[in-house]
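Have a look at the structure below before the remarks.
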Amino acid sequence: MSRLPWWVGGILMAGLLLMTFSVFGADRPLGASTYVPYFAGLVFDLDPKKYTYLEHIKNPGAWEGVMLLGALFGGFVTSVFITKSFRFSLIPTGWKKYKNNSVLSRLLWSFVAGFVMIIGARMAGGCTSGHFMSGMSQMAISSMIFGTVVMIALVITGRFFYNVKDK
Amino acid sequence: MDIIVKTAGDDFASRMAQMFETVIHEGHGSLVLVFLIGVIFGGIIQYTRVDKFEKIAGFAMLKDTIVPKMLFLTVGLASIGLYFMVEAGYAHYHIKPIMWSGLIIGGTLFGIAMAIFGKCPGTGPVSIAEGRIDVLVGAIGGLFGGLVFTLYYSDFFKPLMGDSAGKLTLPSFFPGHEHLVVLIFGIVVTIIAIVIPKREFYDEADLEKLPPEERPDLKEVH
């Protein structure tokens, strides 16, 4: 078995969310985008006293930072020993099929998209994990607005950015 | 031999040590538990392969629906479970505020970037862990995004995001019927997850590494 079916993944992810929310677990939501500006603060040695945002995210940023180290470890171990999918690659097969064969194009677009993605996530106050999964599980209106806007922007971009019609 | 961890210094290693120290003292689970939550999170994402470009950008192209099916199922099940945990005092809600311009501008930028990158901030690290160099480059882009956001937060981004219009939830619109609203929401979202037509876009480079009897694309033909 090289992969779990979507419904097993959904049940496990719901269990993990509940464990994270529970007072016996972490008593907080599961988020995965606050760590990025937190790490930017660590890497570029920014002074939290000067930049209020860093002071503001000190605790959630650190929590997610440690969680992220776990995710890197868990992803690595699973890819090597369970799904046996670990390999180095510069360009996804789907990009070659629906966009182009240029490694430079993929790397440039990745860089730009990564940059824009974090600005977007921090402006909205969350990402797929913090807003979509954790927020919608709490039935938060803010997360439903975010989820709707993201889905629309995602599908429109997918339609026009890739050569979907050709194949 | 004593292990000395320097947490008062100003170099990169001390700043990393301060991160662990913050987690130990903030009371949201022990350091080991937080790391373990990450391991399970990364493990589920890797094992279901929802971190693949073909799954996320594939959903943007409407050629793969595994990501929305799994997300909606997670939300449907967790919303019911979480509500009763909160009722019983075993969990708390942590609602994010409604900031209209922040949500709409941020969500639009996020959706566009997600379609092009084929990752999000939670699935990206898992892809890096399985050897995707292009995602590592994207993460460096993200780090600069985080830097720019931090540097210009007070002057530019905070005013742009607007004021909070409150931390509303769906059940708060139906006072007296909260239980019913939660059950309907959870069941409807779960049904949405089930009825979204299942479409899969596989990565040939991954399939080639598997023996024929394990290939999911061949299995469905039989």
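List of remarks:
- All positions within the stretch B:29-48 that are in contact with a Lys or Arg (Cβ under 7 Å, 6 or more places away or on another chain) and in contact (Cβ under 8 Å) with a residue 12 or more places away in the chain: B:Thr48
- Checking B:Ile56 against (1) facing chain A (nearest Cβ under 7 Å); (2) open to solvent by less than 40 Å² (accessible area, probe 1.4 Å); (3) touching a Lys or Arg at 6+ places or on another chain (Cβ under 7 Å), the condition it does not meet: (1)
- Which listed residue is under 20 Å from A:Gly10 (Cβ atoms), at the interface with chain B (Cβ under 7 Å from one of its Cβ atoms) and open to solvent by less than 30 Å² (accessible area, probe 1.4 Å), from A:Met139, A:Met117: A:Met139
- Residue within the stretch A:121-130 that is modelled with pLDDT of 95 or more, under 29 Å from A:Trp63 (Cα atoms), open to solvent by less than 60 Å² (accessible area, probe 1.4 Å) and more than 7 Å from chain B (Cβ to nearest Cβ) present: no
- Residues in the stretch B:150-191 that are under 30 Å from A:Gly94 (Cβ atoms) and surrounded by fewer than 16 Cβ atoms within 10 Å (Cβ to Cβ): B:Ile191 alone.
- Of the helices (runs of 4 or more DSSP H) contained entirely in the stretch B:1-95, those carrying at least 3 residues that are among the small types (Gly, Ala, Ser), closer than 20 Å to A:Leu42 by Cα and at pLDDT below 95 fall at B:12-26.
- The single residue among B:Phe72, B:Phe41, B:Phe84, B:Phe35 that is over 19 Å from A:Phe161 (Cβ atoms), more than 7 Å from chain A (Cβ to nearest Cβ), of a type in the set (Phe, Trp, Tyr) and buried (at least 19 other Cβ atoms within 10 Å of the Cβ) turns out to be B:Phe72.
- Among the residues making up the stretch B:130-147, those that are within 7 Å of another protein chain (Cβ to nearest Cβ), open to solvent by 10 Å² or more (accessible area, probe 1.4 Å) and in a helix (DSSP H, G or I) are B:Ile133, B:Val137, B:Ala139, B:Ile140, B:Leu143, B:Phe144, B:Leu147.
- Look at the stretch A:38-64: where a residue is open to solvent by 70 Å² or more (accessible area, probe 1.4 Å) and a partner is small (Gly, Ala, Ser), sitting 6+ places away or on another chain with Cβ atoms under 7 Å, you get A:Thr52/B:Ser154.
- For the stretch A:106-113, the count of residues that are aromatic (Phe, Trp, Tyr), assigned to a loop (DSSP other than H, G, I, E, B) and either out of contact with any Phe, Trp or Tyr (no Cβ under 6 Å at 6 or more places or on another chain) or open to solvent by less than 40 Å² (accessible area, probe 1.4 Å) (or both) is zero.
- Applying the criterion of being touching a Phe, Trp or Tyr at 6+ places or on another chain (Cβ under 7 Å) and surrounded by fewer than 20 Cβ atoms within 10 Å (Cβ to Cβ) to the residues of the stretch A:71-92, the residue that is nearest to A:Gly25 (Cα to Cα) is A:Ile82.
- B:Gly107 being within 27 Å of A:Ala62 (Cα to Cα) and surrounded by fewer than 21 Cβ atoms within 10 Å (Cβ to Cβ): no
- Exclusive hit being touching a residue at least 60 places away in the same chain (Cβ under 8 Å), among the aliphatic types (A, V, I, L, M), crowded, with 21+ Cβ neighbours inside 10 Å and assigned to a helix (DSSP H, G or I), set A:Leu30, A:Leu17, A:Leu68: A:Leu17
- Flag if A:Gly10 is under 30 Å from B:Phe84 (Cβ atoms) and in a loop (DSSP other than H, G, I, E, B): no
- Any hit, the stretch A:154-167, residues being surrounded by fewer than 21 Cβ atoms within 10 Å (Cβ to Cβ), under 30 Å from A:Leu18 (Cβ atoms) and within 7 Å of another protein chain (Cβ to nearest Cβ): yes
The values are calculated or read from the model by the stated rules, or taken from the named source; none is laboratory data. It should be emphasised that the depicted structure is a prediction, and the values quoted were computed from it without experimental measurement. Because the Cβ atoms are built from the backbone with ideal geometry, glycine has one as well, and the counts that use them run over all protein chains shown. Heavy atoms of the whole protein, side chains included, go into the accessibility calculation; ligands, DNA and RNA do not. Shrake-Rupley method; radii C 1.70, N 1.55, O 1.52, S 1.80 Å.
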